[in-house]
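No value in this document is a laboratory result; all are computed from the given coordinates. Bear in mind that the values here come from a model prediction, so they are computed numbers and not experimental data. Don't worry about glycine lacking a Cβ; one is built from the backbone with ideal geometry, like all the others, and counts go over all protein chains shown.
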Amino acid sequence: MTQRTVPHTRPAPQHRPGVRGLWYWQARLALAVLGIIPVIVGWVINAAVGEWVIRRPPVRRAARTGAAVVVSR
């Protein structure tokens with residue numbers, strides 16, 4: 001009987017159970033950043049509208065004409 005030899009190959013890398021690769025953490029980080037962006041944008045818009053409401057001049061309505069009159073401070 002002749003003995004056949006298997007060509008020398010590199011063994012498959014062994015992964016420890018429970019240890020995930022770098023791509024897993026990069027994907028989680030990317031999803032977290034993409035989820036935080038709308039929250040930050042909403043907060044900025046809310047702050048801008050709040051400042052605009054605080055700083056706008058009061059408006060009085062004329063009794064009969066229905067025209068708006070801006071009162072200067």
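Taking neighbour Cβ counts within 10 Å as the exposure measure, how do His15, His8 sort from fewest upward?
On the way: His15 9, His8 5.
The order, fewest Cβ neighbours first, is His8, His15.
With a simple spin-label model that places each label point 7 Å from the Cα along the Cα-to-Cβ direction, the separation between Val49 and Gln3 comes to 8.0 nm.
Here the 3J(HN,Hα) profile of region 37-43, calculated from phi with Karplus coefficients 6.51, -1.76 and 1.60 at θ = phi - 60°, is 4, x, 5, 5, 4, x, 5 Hz, Gly and Pro shown as x.
3J(HN,Hα) along region 30-36: 4, 5, 5, 5, 5, x, 7 Hz, from the Karplus curve 6.51 cos²θ - 1.76 cosθ + 1.60 with θ = phi - 60°, whole Hz, x for Gly and Pro.
Label positions at Ile37 and Tyr24, each projected 7 Å from the Cα along the C-beta direction, are separated by 2.6 nm.
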